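The values are calculated or read from the model by the stated rules, or taken from the named source; none is laboratory data. Every value quoted in this text rests on a predicted model; they were computed, and no experiment measured them. For neighbour counting, all protein chains shown are included, and Cβ atoms are generated from backbone atoms with ideal geometry for every residue, glycine included. Accessible surface areas use protein heavy atoms only, side chains included; no ligands, DNA or RNA. Shrake-Rupley method; radii C 1.70, N 1.55, O 1.52, S 1.80 Å.
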Amino acid sequence: CDVLIRGHQVSKKRTLELSGHVGLRSLPDQLVKRAVKQGYSFNILCVGETGIGKSTLINTLFRIIFENEEASHYDEEVKVLPRTYDLQESNVNLKLTVVHTVGFGDQINHVKSSEPILEYIDAQFKRYLEEELKIKRSLWNYHDTRIHACLYFIAPNGHSLKALDLVTMKKLDSKVNIIPVIAKADTLTRNELVNLKIKVMSELVSNGVQIYQFPTEDEAVAEINSSMNTQLPFAVIGSTENVTVGNKTVKGRMYPWGSIQVENENHCDLVKLREMLLRVNMEDLREQTHTRHYELYRRCKLEEMGFKDPTLDNQSFSLQKTYEAKRKEFIKELQHKEESMRQMFVNKVKEAEVELKEKEKELQGRFELLKTMHQEEKKNLEEKKREMEEEMNAFNRRKVAAETLMGQALQGSSQQPFKKDKDKKK
């Protein structure tokens, strides 16, 4: 039957019981067979300082030694290094991707330490969204690289969280499922470990950091998940070495004062972490990544692209109208940028013209000053030249007069002896 609600026709569903077997009960088995045949993917992000034991813990969790390069403490920036492995247990195939953050926390300035991590997470969301928006999609065999779980390694300093830890986890909590772990828990006493757990959880709550909570909706796992939620953050110890305890050979560490068994729940929480991460809640972590974190990213990106849901009056969404609207908005933005650039260019030209005029005026002033100085100098030189010419003329006149007098004197002296001789003859 149909019901009319606020002018909208809504179909009312009825549940009917079948009178005999038709095969619907085999549907879960079909889904399981299909999922097992297709395989699973699981991606873990390990965030923590260099040397805190990230690689060793992953090796211990999966009971296999993965190939990893030893990192140094002298990296100038944080690098995100993903490694993908194909694992098999019984007839279940798992494509595991472990993403390490090389150099995290090694820099003096930690302002940009979390940026490469956030960029990597967003890049995986972007890849999945691009595949989703393709006309011809292949999501059934697409290698999903979105981060499903983030193991955040906390240093066992016995005090509390560092500022870098709080800032990074606050930026990550809306993008990934954060599971905090206290690394190298064997460096703390039992009382110190309990106090550190209380301090860490108190600071996370007071700073509004949302960590992953194991789900309690399913009755089958509600009890164990509720219990494990109170154990966070997990205190873990990693080791791939075999130690002999009594008649048993187990994974652990040997110390002068005794041994630590990494898979003994009385010594650390490694087994609890493995159970919660892999055996009990792996599918929920995958589902939370898709339905919560990816959906948030997808919604924001589609809203930026102009997409929207149908309105309450059941008006259908038109992709053509959205495209035209975004095109007009883009053209308008381009025109605005073009006008801004043109105006900027005009202003730059005007500023250059003013500057050139000022320089031209300055050069003209210097030219007039040099011209005046040149004219004055020329006038002085001409005056000196005239004075020297007058002096030369006067000198020449004196010289002529002197030569005339000298000639007359010589002529007079030459006539005197002649007169004397004449007088003697007489």
Going by the structure shown, is E303 within 38 Å of the chain's Cα centre (by Cα) and farther than 28 Å from D165 by Cα? yes
Going residue by residue through the stretch 157-164, is there one that turns out to be closer than 28 Å to K197 by Cβ, open to solvent by less than 20 Å² (accessible area, probe 1.4 Å) and of a type in the set (S, T, Y)? no
Within the stretch 219-242, residues over 21 Å from F66 (Cβ atoms), touching a residue at least 12 places away in the same chain (Cβ under 8 Å) and among the hydrophobic types (A, V, I, L, M, F, W, C) come out as V221, I224, M228, L232, A235
Conditions (1) open to solvent by less than 30 Å² (accessible area, probe 1.4 Å); (2) within 18 Å of T291 (Cβ to Cβ); (3) touching a residue at least 40 places away in the same chain (Cβ under 8 Å) -> F153 fails only (2)
Any residue in the stretch 44-67 that is closer than 18 Å to R146 by Cβ and not β-branched (V, I, T)? yes
Qualifying residues in the stretch 48-107 (those that are of a type in the set (F, W, Y) and not in a helix (DSSP H, G or I)) - the one least open to solvent (accessible area, probe 1.4 Å): F104
Could you list, ordered by first residue, the pairs with Cβ atoms under 9 Å in which the first is in the stretch 120-132 and closer than 13 Å to R299 by Cα and open to solvent by less than 40 Å² (accessible area, probe 1.4 Å) and the second is of a type in the set (G, A, S) and in a helix (DSSP H, G or I), at least 6 apart or interchain? none
Could you check, for the stretch 344-361, whether at least one of its residues is among the aromatic types (F, W, Y), closer than 30 Å to K308 by Cβ, within 39 Å of the chain's Cα centre (by Cα) and open to solvent by 100 Å² or more (accessible area, probe 1.4 Å)? no
Pairing a residue in the stretch 277-299 that is of a type outside the set (G, A, S) with any residue that is assigned to a helix (DSSP H, G or I) and open to solvent by 60 Å² or more (accessible area, probe 1.4 Å), where Cβ atoms lie under 9 Å and the two sit 6 or more apart in sequence or on different chains, gives V280/I224; Y297/K126
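Filter the stretch 218-252 down to the residues that are open to solvent by 60 Å² or more (accessible area, probe 1.4 Å) and either aromatic (F, W, Y) or outside any helix (DSSP H, G or I) (or both) and list them by number.
D218, T230, E241, N242, T244, G246, N247, K248, T249, K251
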Sort out which residues of the stretch 251-270 are among the aliphatic types (A, V, I, L, M) and within 14 Å of L61 (Cα to Cα), and write them in order of number. V262, L270
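Just to check your reading of the model, which residue among V36, V22, V102, V98 is modelled with pLDDT under 90 and within 21 Å of M169 (Cβ to Cβ)? Show your work before the answer.
Values: V36 fails: within 21 Å of M169 (Cβ to Cβ); V22 fails: within 21 Å of M169 (Cβ to Cβ); V98 fails: modelled with pLDDT under 90.
None of the others qualify; the one that does is V102.
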Based on what the data block shows, is L164 touching a His at 6+ places or on another chain (Cβ under 9 Å), among the hydrophobic types (A, V, I, L, M, F, W, C) and either modelled with pLDDT of 90 or more or more than 22 Å from M305 (Cβ to Cβ) (or both)? yes
